[in-house]
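The values are calculated or read from the model by the stated rules, or taken from the named source; none is laboratory data. This one's a predicted model, so the numbers in the text were calculated from it and none came from an experiment. So basically every Cβ, Gly included, is an ideal-geometry build from the backbone, and we count neighbours across all protein chains shown. Keep in mind that these areas ignore ligands, DNA and RNA; they rest on the heavy atoms of the full protein, side chains included. Shrake-Rupley method; radii C 1.70, N 1.55, O 1.52, S 1.80 Å.
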Amino acid sequence: MRETMAVEAILKGTVIDHVPTGQGLNILSLIQKRDPQAQITVGLNLPSKGNGKKDIIKVEGWLFSQHDAGEMALYAPTATVNVIDNYAVVKKFKIELPDQFVGLFACPNSNCISHTEPVASRFSVSQTHNAEANTHKVRLQCHFCERTFSDSLFK
Amino acid sequence: MPNPLYQKDIVSIRDLNQTELELIIQLASIIKAQPVSPYLSNKVIASCFFEASTRTRLSFETAVQRLQGSLIGFSDSANTSTQKGETLTDSINMISSYADAIIMRHPKEGAARLAAEVATVPVINGGDGANQHPSQTLLDLFSIAECQGRLTDLKVAFVGDLKYGRTVHSLAQALSLFNPTFYFIAPEALKMPSYLEQDLAEKGISYQYLSSLEEGVEQVDILYMTRVQKERFDPTEYMHIASKYILTKAMLKGAKPNMRVLHPLPRVDEIHPDVDSSEHAYYFQQAENGVYARQALLALVMNEHIKELDNA
Ligand SMILES: [Zn+2]
């Protein structure tokens, strides 16, 4: 019951639900990077269905697009996004990895030109799914230095 | 015949498709066989070496001169405004207003990609840090095509430092377009990076690791040797490892007649000098091919039509 209220007690904005615990603050900092003035409420280690726990983030006034949410996919691949207008959920979708991350993470390669020039970092995203092992691998390749990194380096 | 490389940036070997690679190789062999039109006359080529690399620079500059282009530029960044803190973006902006093309080398990875996005003229990467060095790969491909008569369906062994060796990475990627079979012969610590193995697997390229150099010699058409750098190991470990990856003439006994040994040079001790007199040695011809490959590349980037290709 409390959860429902937490989601709906917002006039207009976005609620990111089912964020894996421990990732709430990372998501928060990504949102702040995009809009330093954003009004944000963060809930950490809230009870989730069953025995699990989750983080929740509410952003007032900002109606997230699929693209906005994609930028959070590395941290919260299982999250759902609820876009709320006039206290009602007007749109609900799963976070999905975008094809590219622009300006979000610094390249882990310290000798990459992107660190010393006036350019936004840029990574192309690829995913491989191994059905047998049921593992899901995300790789990011820097547009500039062409190095490929596993997503764990960015989390 | 329309030329798909006209005004194209040459940043990474991965930017070139099979047709484009074949075109460069075809023109390189024409250039090697006979004098060609002065394809860079009336062209100013900037040779910008933000990091010294005498071999690569001389090879490129010779290629420009042989095609009668004019050169401007610098051979290291010590006395340039970069040294005073100017960004690469600003330097390239300025240089691209002077020159018709920019050949550049830079110590940072991704520098050529960035320059290509900033410049209004084609940028040719002469090496960006540990990343790409496409003209090296072009001369490797040209040499392979020349000594085997083809690029398709070849068995190629890579020996030595497969982890850090960017010539190996680029050549493996380029050859992947020609249905090769790869053999990797390397110390455990210097195996191919896993993302490249994954790339090959995704493209359906067959590859395997061999435990000894001898085993590779007997199976392959091309033996591509690289240097195992001393710095990466402690001295005794290095002695042990390096000795396993040194090619001697005696090891070539079981090789196929068409087998050729390549090496990006300079070598230290990974190919014994007694191999030099073997019919299998091809690394000196390979080094000579550098200028032809770069001439072909420059001619194609700077000219929409190449007469010699129309007649070929
Ligand atoms: Zn990078």
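Basic side chains Lys and Arg get +1 at the Cβ, acidic Asp and Glu get -1 at the Cβ, and with that the dipole of the protein assembly as shown about its Cα centre reaches some 600 debye. Per residue in segment A:98-127, which ones lose no less than 40 Å² of accessible surface when going from chain alone to all protein chains (1.4 Å probe)? So the qualifying set is A:ASN111, A:ILE113, A:GLU117. Looking at the protein assembly as shown, the accessible area is 45 square angstrom per residue; that uses a 1.4 Å probe and ignores ligands, DNA and RNA.
With the charge dipole of segment B:1-121 set up from +1 on Lys and Arg Cβ and -1 on Asp and Glu Cβ about the Cα centre, the Cα lying farthest toward the positive end among the listed residues B:SER59, B:THR120, B:PRO35 is that of B:PRO35.
Bridges between two residues of chain B, per DSSP, are antiparallel at a rate of about 0%. Relative contact order of chain B, taken over Cα pairs closer than 8 Å and 6 or more residues apart, is 23 percent. What's the local net charge at A:TYR75, with K and R +1, D and E -1, over the other residues with C-beta under 12 Å away? Computed value for this residue: -2.
Between B:GLU22 and B:GLN229, the modelled label-to-label distance comes to 3.7 nm, taking each label 7 Å out from Cα in the direction of the beta carbon. Can you pull out the buried accessible area for chains A and B, both sides counted, probe 1.4 Å, rounded to the nearest 100 Å²? Rounded to the nearest hundred, the buried surface is 1700 Å².
Here chain B exposes an accessible surface that is 48 percent carbon and sulfur, computed with a 1.4 Å probe and the other protein chains kept in place. Just check segment A:75-146 against the gyration tensor rule for me: Cα atoms, a ≥ b ≥ c as the square roots of the eigenvalues, rounded for a/c under 1.5, and otherwise prolate or oblate depending on whether a/b exceeds b/c. In terms of gyration-tensor shape, oblate.
Past the 24 Å Cα-Cα mark, which pairs from A:LYS137/B:LYS8; B:LYS203/B:LYS230; B:LYS155/B:LYS244; A:LYS137/B:LYS203; A:LYS33/A:LYS58? Violating the 24 Å limit, Cα to Cα: A:LYS137/B:LYS8; B:LYS203/B:LYS230. Under the rule a/c < 1.5 gives rounded, and otherwise a/b versus b/c splits prolate from oblate, where does segment B:3-53 land using the Cα gyration tensor? In terms of gyration-tensor shape, oblate.
Enumerate the helices in chain B for which the Kyte-Doolittle hydropathy averages -1.0 or more and the C-alpha atoms extend at least 15 Å along the helix's axis, using complete DSSP H runs. Helices meeting the span and hydropathy rule in chain B are B:18-33, B:54-66, B:134-148, B:283-302. The amide H of B:LEU67, built 1.01 Å from its N in the peptide plane, has no neighbour under 5 Å, considering only residues 5 or more places off or on other chains. If you line up the long axis of helix A:24-34 against the longest principal axis of chain A, both from Cα atoms, how many degrees apart are they, to the nearest 10? The angle comes out at about 70 degrees. Relative to the Cα centre, the charge distribution of segment B:135-287, modelled as +1 at Lys and Arg Cβ and -1 at Asp and Glu Cβ, gives a dipole magnitude of about 140 debye.
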